Amino acid sequence: MVILLVATTTDTASIGPASALLAMPGWHPGPSLQDAAVSFVNKDLRLIKLDNSLVEEDHLDKRWEEATGELVDEVIFFSKHVASSNRPALTVHPIGTPHVGEGEVLVAGGKPGWAALPNPRIGPWLRLLRTIAESHKLSPEFEVTLEATHHGPLTNSPTMFVEIGKLLPLISTEEYWRRQDAAEAIALSGKDWVLEEELLRETGAGMNNLWEYFSDICHLLSGYSLPMEDPGQSKTQINTEAVHGTWRDAIKVSFEATKSAFPGGEVLAHLDHKSFKSWQRNAVTTFLVEQNIKIGKASDFS
């Protein structure tokens, strides 16, 4: 079993951490995919350099297996991050488009109603990256945070993205994508693959910055990932079927993906109550109970 690390030459925030990793000892040239991508080998790691947008690289894990005969255990993509925040960030997140309905436009890969298996390293990597950012004086300039599930590509193995980015009207985002210190922090966080394992896993719904409470963090569904149509009736006793939208499907597919990624683990949902209107919170809570999905509190994860 091997771990795929994936970067693209079209993205400076992607190739920076890959180059920093390759500067560490132990790497040697590896096999090529049918599309002539360059790869490098270091023990059970396989670092692939592509020339295309990462969200277009569907089923890269299966393509690697077919080309090399090596089974892929997990996939980690290095990428740029773009957000409306005025603070540069180092982010980690799972992938998927669970909120997209059939016939809706996919703007960044994936497929309707799909969530990838979340990579078990998301929580440990996030905590380690935060420690490294502090020790390398990147904090508080850079925020280290979990990002919501929101794009492709399609994968079959547990997957995560690790990103560098910023968006400011007057400052070039490219400046931060090229930051060598940020690239080296990500490379250092990926250097030690013996990360701690936790028994408690969870799916977060409507969370913002609550990741520090959790042992491990899997799918995070932000408000736009839970499309809910106001039923326009008394909202004290809501029948969940009266609240239209793809929110139920988004919760179910994210929960099932998390269960599959952590067989035997306890999967909890966490709701950030401040992110919901009362009728939305009531509908989500009722649906979770109907689905026998346990709702955790912050104290459950401390």
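The values are calculated or read from the model by the stated rules, or taken from the named source; none is laboratory data. Since the structure is predicted, the reported quantities are computational estimates derived from the model, not experimental observations. No Cβ is skipped: glycine too gets one built from the backbone with ideal geometry, and neighbour counts run over all protein chains shown. Surface accessibility is based on the protein's heavy atoms, side chains included, excluding ligands, DNA and RNA. Shrake-Rupley method; radii C 1.70, N 1.55, O 1.52, S 1.80 Å.
Things worth noting here:
- Å² of accessible area per residue within the stretch 17-174, as computed with a 1.4 Å probe and no ligands counted: 42
- Legend: distances between Cα atoms for 252/274; 62/274; 111/294; 137/274; 62/297; 62/259; pairs beyond 30 Å are 62/274; 137/274; 62/297.
- Theoretical FRET efficiency, 1/(1+(r/R0)^6), r = Cβ-Cβ of residue 141 and residue 298, R0 22 Å, to 0.05: 0.20
- Heavy-atom accessible surface of the stretch 1-152: percent carbon and sulfur, 1.4 Å: 53
- The tail of the calculated P(r) for the stretch 23-113 beyond 24 Å holds 36 percent of all Cα-Cα pairs.
- Within-13-Å neighbourhood charge of residue 28 [Cβ basis; K, R +1; D, E -1]: +2
- Between residue 156 and residue 291, the FRET efficiency estimated from the beta carbon spacing at R0 = 30 angstrom works out to 0.80.
- For the stretch 1-153, the Cα gyration tensor yields ellipsoid semi-axes of 24, 23, 14 Å (square root of five times each eigenvalue, largest first, whole Å).
- 1.4 Å probe accessible area per residue over the stretch 251-302, in Å²: 53
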